[in-house]
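Rule-based calculations on the coordinates, nothing more; no lab input. Here the structure is a predicted model, which means the values were calculated and not measured. Neighbour counts are summed over all protein chains in view; Cβ atoms, including those assigned to glycine, are modelled from backbone coordinates with ideal geometry.
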Amino acid sequence: MTHTVQQFIKTNNLPQAPSKLIVAVSGGADSVALLHLLINLDYECVVAHCNFHLRGKDSDNDAQFVSELASKLQLPFFIKDFDTKAYAQTHKLSIEMSARELRYNWFEQLRTEQKAAAIAVAHHADDVVETFLMNITRGTGIHGLTGIKPRNGNIIRPLLHLTRSEIEDYLKTLQQTFVTDYTNEEQIFTRNKIRHTLIPLFEAINPSFKNTIQATIKHLLEVETLYNKQIETILPTLIQPYNKGFSIDKELLQKQPAINSLLHEILSPLGFSQANVQSLIKCLNGKSGKQFYSSTHRIVKDRQLIIVEPIQEKEDTIYYIEKNQQELTTPIQLSFNYSTTNKLVINKKKCVAYIDANKLEFPLLLRKWQKGDFFIPFGMKGKKKLSDFFIDKKYNLTKKENTWLLFSGKNLVWVVGEEIDNRYRITTVSRKILKIELR
């Protein structure tokens, strides 16, 4: 078996011996076998054990077993205790997901401290089948159907080609004991229900069910390779930088043959669900302004664009510009230059505003748009709500939210980067001019 594991490691370009590895050892048959195999292959092994305190004394007994095993094999041993239930409650996660986050975060910390090449975990062929079925029940894209990979970042899985029965037979030849986690027999966890209920049902229909699934996954891996190449070709044509996020051209997207898959690949890494993707597709030709949220990002469906950007806290801060101040660097860059003239200035640049300085009340105020804001657009006499001005200019939601307004007292002087208020324009009687430039 040592030879087959060595071949699997070479074939999948995993770190070669004598690399230093953090070996995750729970005390179960799989991880104990992994540890022995890696020792026999001359790796420098560091044993790591997590005590999640989910099974009372049994959890402590497992920790004691792993500690004694590491001592017997004369290997460095590290243990970490977790209050898993409290973590799950605080972060609103399942026990399974909480344990996963806790252990992998600690493993990576330990790997860095120990300057190890990778973290070795004991997933095997049966886990691949179970994960495949679990992902189907939850809903997934092509990547979820290709099972567990031999390597994921700093995590390596040298036993993916071995079955659970092969692993246990190997331990028998070594006369090596291991601990049994009785929760693996309980069906309160999703994976255990799949392992003990669903798979036996499939095996009653097809005794070679596991082999069939593994063969299917190998085929899907090839399909995934072709799929990834096509995605890599298409996405650059659809996505462009937009503010602090990016935009997707709606018209180009709708010309693609697989909109659902494309949006899934773009949006799922940002925490958006398949339900979000389906809802977005349904409203593509509807009114603009529809929004969708993940925990970290927001989607805004505009007229021609789908805008995706990080969620930002609402900007309620007011910034002040004192008289004779020459520049403002936060939150935007503005320069202020005074001059005296009796000539009218013709301005064709939206990033520059020429203001009658004698009409200003200092300090000037810079803030974001609020409901009820209005001004008198340049060349007009009547008031106009800023919300109506935004509609006329076809501002989308994100552009409205990112527009800054310059005030003198309670009066809006300049929609920054767009238009000045007519009351502050330069006239034949203006004698002191303030030039404000957006940089």
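Please give me the summed charge of the neighbours of Lys381: other residues whose Cβ is under 14 Å from its Cβ, Lys and Arg +1, Asp and Glu -1. Please report the intermediate quantities before stating the final value.
Details: positive: Lys383, Lys384, Arg423, Arg425; negative: Asp421.
After counting each charged neighbour, the total is +3.
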Query raised in the report: Restricting attention to segment 254-332, which trypsin sites (Lys or Arg not before Pro) occupy a DSSP loop and are surrounded by at most 15 other Cβ atoms within 10 Å?
Result: Lys255, Lys287, Arg303, Lys314, Lys323
Query raised in the report: Counting only the backbone N, which residues of segment 399-439 are under 14 Å from the spot 7 Å out from the Cα of Tyr338 toward its beta-carbon?
Result: 431-436
Query raised in the report: Where a Cα-Cα gap under 22 Å defines reach, which lysines qualify for Lys323, not counting those fewer than 8 residues away within the same chain?
Result: Lys359, Lys368, Lys410, Lys432, Lys435
Query raised in the report: Where the eigenvalues come from the Cα gyration tensor of segment 319-438, what are the semi-axes √(5λ) of the equivalent ellipsoid, largest first, in whole Å?
Result: 22, 17, 13
Query raised in the report: So what is the relative contact order for the chain, in percent, with contacts set as C-alpha pairs under 8 Å and at least six apart?
Result: 11
Query raised in the report: What's the local net charge at Lys244, with K and R +1, D and E -1, over the other residues with C-beta under 12 Å away?
Result: -1
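Taking segment 93-149, how much of its Cα-Cα pair set, in percent, is spaced more than 17 angstrom apart? Numbers along the way, then the final one.
Working: 879 of 1596 pairs.
Result: 55 percent of Cα pairs exceed 17 Å.
Using the number of other C-beta atoms within 10 angstrom as an exposure proxy, rank Ile248, Ile259 with the fewest first.
Numbers: Ile248 23, Ile259 15.
The most exposed by this proxy come first: Ile259, Ile248.
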Report task. Over segment 243-310, calculate the relative contact order: mean separation of alpha carbon pairs under 8 Å at least 6 apart, over the residue count, as a percent. Result -> 39
Query raised in the report: Near Leu284, within a Cβ-to-Cβ distance under 9 Å, what is the net charge of the other residues, with Lys and Arg +1 and Asp and Glu -1?
Result: +3
Query raised in the report: Which percent, nearest 5, of DSSP beta bridges in the chain are antiparallel?
Result: 75
Report task. Scan (1) -0.23; (2) -0.45; (3) -0.26 for the value of log10 I(q)/I(0) by the Debye sum over Cα atoms at q = 0.06 Å⁻¹ calculated from this model and give just the label. Result -> (2)
Report summary line: Looks like segment 243-310, by Cα gyration tensor root eigenvalues a ≥ b ≥ c and the a/c under 1.5 rounded cutoff (else prolate when a/b is bigger than b/c, oblate otherwise), is rounded
**Report entry** Those lysines that a straight Cα-Cα span of less than 19 Å connects to Lys282, excepting residues fewer than 8 apart in one chain
**Finding:** Lys250, Lys255, Lys290, Lys301
Requested in this report: Compute the separation of the alpha-carbon centres of segment 125-177 and segment 345-398 and state it in Å as a whole number.
Outcome: 62
**Report entry** Span from the segment 75-111 Cα centroid across to the segment 400-415 one, whole angstrom
**Finding:** 49
Query raised in the report: Calculated from DSSP H runs of 4 or more alone, at -39500 (n - 2.57) each and per residue, what is the 222 nm mean residue ellipticity of the chain, nearest 500?
Result: -11500 deg cm²/dmol
